[in-house]
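Below you'll find the structure, written out as structure tokens, and then a few comments.
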Amino acid sequence: MKKQQEWSPWANKDPNMINTFTGTDGEVGFVSYWKGNKEVGEGEQEIAKIVEGESVEGQLHFLKPFKSTSNSYLILTEKAIDETEVVWGFKGKNRFPMSVMMLFMNMDTMVGKDFEAGLRNLKVIMEE
């Protein structure tokens with residue numbers, strides 16, 4: 001997850017963001033904590049499950065601007081010897097009152113462009 005800072009769209013939104021890490025990177029239980037400006041908020045991400053060469057699952061704990069928990073994932077699918085498809089996202093349930101607010105909000109519209117930018121950044125790094 002430390003390398004994720006190189007391609008994360010949120011790292012670009014706050015170059016002064018504070019990051020701390022706990023545990024062994026690349027292993028279940030590793031935690032990446034961030035605290036940044038209004039655009040990136042505050043929270044932590046913990047590696048929950050790794051299937052070598054296939055997927056990484058995590059828990060996202062958002063603290064600010066509002067508290068919530070979501071499951072994050074990266075899914076890798078080998079398409080050819082030198083080509084891998086990467087699917088990156090998160091999913092979660094909202095409690096009241098956020099559950100009501102989400103009826104009027106579209107998460108794909110809110111963060112979809114950030115995920116697309118992050119995947120483009122990752123592609124550039126991997127192709128170098």
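The values are calculated or read from the model by the stated rules, or taken from the named source; none is laboratory data. These numbers come from a predicted model, not from an experiment. Calculation scope for accessible area: heavy atoms of the full protein, side chains included, ligands and nucleic acids excluded. Shrake-Rupley method; radii C 1.70, N 1.55, O 1.52, S 1.80 Å.
Assorted remarks:
- In plain terms, the chain from residue 39 to residue 19 could stretch by 5.7 nm, reckoned as 0.36 nm per residue minus the Cα-Cα distance.
- In summary, the aspartates and glutamates within cross-link reach of residue 123, defined as a Cα separation below 16 angstrom excluding same-chain residues under 8 places away, comprise 6, 78, 82, 83, 85, 114.
- Accessible area expressed per residue, region 1-71, with surrounding protein chains retained (probe 1.4 Å, Å²): 62 Å²
- For region 48-75 versus region 26-46, the gap between their alpha-carbon centres in whole angstrom: 10 Å
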